[in-house]
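Below is one structure, written out as structure tokens; comments come after it.
The values are calculated or read from the model by the stated rules, or taken from the named source; none is laboratory data. None of the values given here were measured: they were computed from a predicted structure. Ideal geometry is used to build each Cβ from the backbone, glycine not excepted, and the neighbour counts take in all protein chains shown. What goes into the accessible areas is simple: the full protein's heavy atoms, side chains included, and nothing from ligands, DNA or RNA. Shrake-Rupley method; radii C 1.70, N 1.55, O 1.52, S 1.80 Å.
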Amino acid sequence: MNQATPTQGKNTLLEEYVGELGPSPAELAAALGPRRSGPAASEAPRAAMMDSGLASPNLEMVMRIPVTVKIVLGSTTMPVASLVKLGRGAVIPLDRRVGEPVDVVVNGRVVARGEVVVVDEATSRFGISLTEVVGPSAGDRAAG
């Protein structure tokens, strides 16, 4: 397992996922409001949208919504009879191998993959270092 590394200079997970969604120019224009002239007009539209000073009140409200983030190490399928026989010390084999990326699932959807890292050895805390941001599925794009 690797030590956690700072992500300075990288896009955040949200920025990468929004980039994958690719909002249309009309959606960006509606979110940003009337066009302004001067230095502020040359800013990148997505960066301006993410800047809380330029975001609409609705977007700020959306950014405060809590979501459930789960890290999935793997899974397996077993009959109930095997499940009830499990006891302390039992090992349940998963469908992933050591070293394979884990899934980062937000509200039931895989949004990224990463590797498990040690965040703090003193407190035995682990974290995830993101290695890939997963774009929306075809169904997600059609719904949006």
Scanning the stretch 72-87 for residues that are of a type in the set (Val, Ile, Thr), closer than 30 Å to Pro136 by Cβ and open to solvent by 70 Å² or more (accessible area, probe 1.4 Å), which turns out nearest to the chain's Cα centre (by Cα)? Thr76
Of all residues in the stretch 120-129, how many are open to solvent by less than 80 Å² (accessible area, probe 1.4 Å) and either in contact (Cβ under 8 Å) with a residue 40 or more places away in the chain or touching a strand residue (DSSP E or B) at 6+ places or on another chain (Cβ under 7 Å) (or both)? 3
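Any idea how many residues of the stretch 65-115 are farther than 30 Å from Gly135 by Cβ and in contact (Cβ under 8 Å) with a residue 24 or more places away in the chain?
Within the stretch 65-115, residues that are farther than 30 Å from Gly135 by Cβ and in contact (Cβ under 8 Å) with a residue 24 or more places away in the chain number 0.
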For the stretch 88-118, which residues satisfy the criterion of being open to solvent by 80 Å² or more (accessible area, probe 1.4 Å) and assigned to a strand (DSSP E or B)? Arg109
